[in-house]
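Taking it in order: structure first as structure tokens, then the write-up.
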Amino acid sequence: MRITFLVLLTPIVGALAAFSGTGQSQRPSATAPAASSATQATARIVSAAQALVASLDDAGRTKVQFPFEGPQKTRWSNLPSGIFERQGLRLADLTPPQRTAVTNLLTAALSRDGYRKVTEIMKGDEVLRTGQGARGGGGGGSGRAGGCGRGGPAFGEDEYYLAFLGTPSATTPWMLQFGGHHLAINLTMAGSQASMTPSLPAAQPATYTIEGREIRPLGKENDKAFALINALDAPLQKQAILPYRVSDLVLGPGQDGRVIQPEGLRASALPPAQQTMLLEIIREWAGIVTDAFAEPRMAEIRANLPQTHFAWSGPTTNGSVAYFRIQGPTLVIEYAPQNSVDHIHTIYRDPTNDYGAKIVAK
């Protein structure tokens with residue numbers, strides 16, 4: 001079934017087609033100094049942000065710009081417009097060149113696979129709006145186009161918002177926010193350092209079809225986790241599976257600063273091959289951001305792997321509704337189907353560095 005998407009997809013698809021056919025993030029050379037690579041990444045993101053600002057009129061600049069410290073920092077949600085009121089630049093209100101500038105900014109800030117994931121989440125929301133191409137109908141075709149406060153929830157690619165907290169800078173701290181229904185990206189940068197926590201990549205529908213091609217924005221997360229739980233022998237699997245049911249995010253929106261105790265299987269008990277499997281699951285979240293920031297983050301997580309726990313709730317057969325959590329000293333990931341494998345919430349946090357707390361304090 002052919003589905004026609006809104007104008008944002010033209011620059012997005014064009015940029016995506018320029019990437020390699022694998023769709024995998026290309027990791028930086030080990031010979032490239034990490035700090036230099038990160039500094040260059042920051043400069044590219046700042047340049048793209050400044051180009052977007054230059055394309056806006058005064059009203060647009062006012063909409064996109066917020067103080068670095070203020071209520072906008074925690075103004076994110078998985079809920080759609082009309083239920084949750086977002087502020088910032090709404091994609092529907094931008095001209096085609098301005099939307100291209102947003103695309104350029106996202107491709108600078110995200111890895112190849114992260115960019116794919118974000119755009120597929122957005123395409124899924126368009127499918128949800130139209131009710132076409134989704135497994136099981138995608139949750140309905142009554143989603144309304146239009147902005148907040150016009151009579152109920154609004155779905156679709158137009159309903160995503162961009163904001164800058166602080167002035168985009170290669171040296172001083174600032175934050176890039178981008179999100180809408182089932183998506184919240186919070187990227188804080190301070191020179192060569194960055195934090196993309198807390199962020200919420202989610203999906204509804206979790207599986208949909210465009211022109212005969214099946215799309216699963218969070219399919220790798222699901223499949224890799226089921227592969228790991230089924231790679232465990234019976235004693236290890238017993239340690240990983242929680243004795244109670246978890247059906248939603250514990251540390252989702254509105255839960256900043258909440259502390260929970262690690263549960264489940266300690267990664268130090270895993271054989272090396274299964275430790276690698278766990279790290280590859282983690283990369284699905286940590287690798288959303290551009291590689292220059294993702295690789296130092298993965299090195300930090302790898303160093304803390306012996307103190308990291310993997311917990312599971314639900315059946316272990318792929319295709320079942322099952323929750324999992326990965327928790328370490330600087331990491332919390334949760335994956336929570338909403339009573340359906342076609343409606344997924346996830347959260348990615350660093351309890352030591354949400355909103356760049358650690359890097360901003362330096």
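The values are calculated or read from the model by the stated rules, or taken from the named source; none is laboratory data. All values derive from a computational prediction rather than experimental measurement. Here Cβ is always computed from backbone atoms with ideal geometry, including for glycine, and neighbour counts include all displayed protein chains. Heavy atoms of the whole protein, side chains included, go into the accessibility calculation; ligands, DNA and RNA do not. Shrake-Rupley method; radii C 1.70, N 1.55, O 1.52, S 1.80 Å.
Can you compute the FRET efficiency between THR167 and GLN307 using 1/(1 + (r/R0)^6), with r the Cβ-Cβ distance and R0 = 45 Å? Round to the nearest 0.05.
Working: r = 37 Å, r/R0 = 0.83.
E(calc), rounded to 0.05, equals 0.75.
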Inset, instruction - Round to a whole angstrom and tell me the spacing of the C-alpha centers of segment 97-127 and segment 258-295. - result: 24 Å
Inset, instruction - At 7 Å along the Cα-to-beta-carbon direction for both ARG61 and LEU242, put a label point, then send me their distance in nm to one decimal. - result: 4.8 nm
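So which of LYS123/LYS220; LYS63/LYS117; LYS117/LYS220; LYS224/LYS358; LYS63/LYS362 end up more than 21 Å apart, counting from Cα to Cα?
Details: LYS123/LYS220 17 Å; LYS63/LYS117 26 Å; LYS117/LYS220 10 Å; LYS224/LYS358 30 Å; LYS63/LYS362 29 Å.
From the list (LYS123/LYS220; LYS63/LYS117; LYS117/LYS220; LYS224/LYS358; LYS63/LYS362), the Cα-Cα distance tops 21 Å for LYS63/LYS117; LYS224/LYS358; LYS63/LYS362.
With the other protein chains left in place, how much accessible area per residue, in square angstrom, belongs to segment 44-112 at a 1.4 angstrom probe? Intermediate values should be presented prior to the final figure.
Values: 3090 Å² over 69 residues.
Here the residues of segment 44-112 average 45 Å² of exposed surface.
What relative contact order, as a whole-number percentage, does the chain give when Cα pairs under 8 Å and 6 or more residues apart are counted? Please report the intermediate quantities before stating the final value.
Details: 733 pairs, mean separation 68.4, N = 362.
The value is 19 percent.
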Legend entry - Label corresponding to semi-axes √(5λ) of the Cα gyration tensor in Å when calculated from the structure given, among [x] 31, 29, 21; [y] 30, 25, 19; [z] 38, 25, 17: [y]
Inset, instruction - Treat each spin label as a single point 7 Å out from the Cα along the C-beta direction, and report the GLN40 to LEU79 distance in nm. - result: 4.4 nm
Inset, instruction - Within segment 162-204, which residues have the backbone N less than 11 Å from the label spot 7 Å out from ASP256 along Cα→beta-carbon, could you tell me? - result: 198
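Quick one: divide the alpha-carbon radius of gyration of segment 181-271 by 2.2 N^0.38 Å and tell me what you get. Write out the running numbers ahead of the final one.
Values: Rg = 17.1 Å, N = 91, 2.2 N^0.38 = 12.2 Å.
Rounded to two decimals, the normalised Rg is 1.40.
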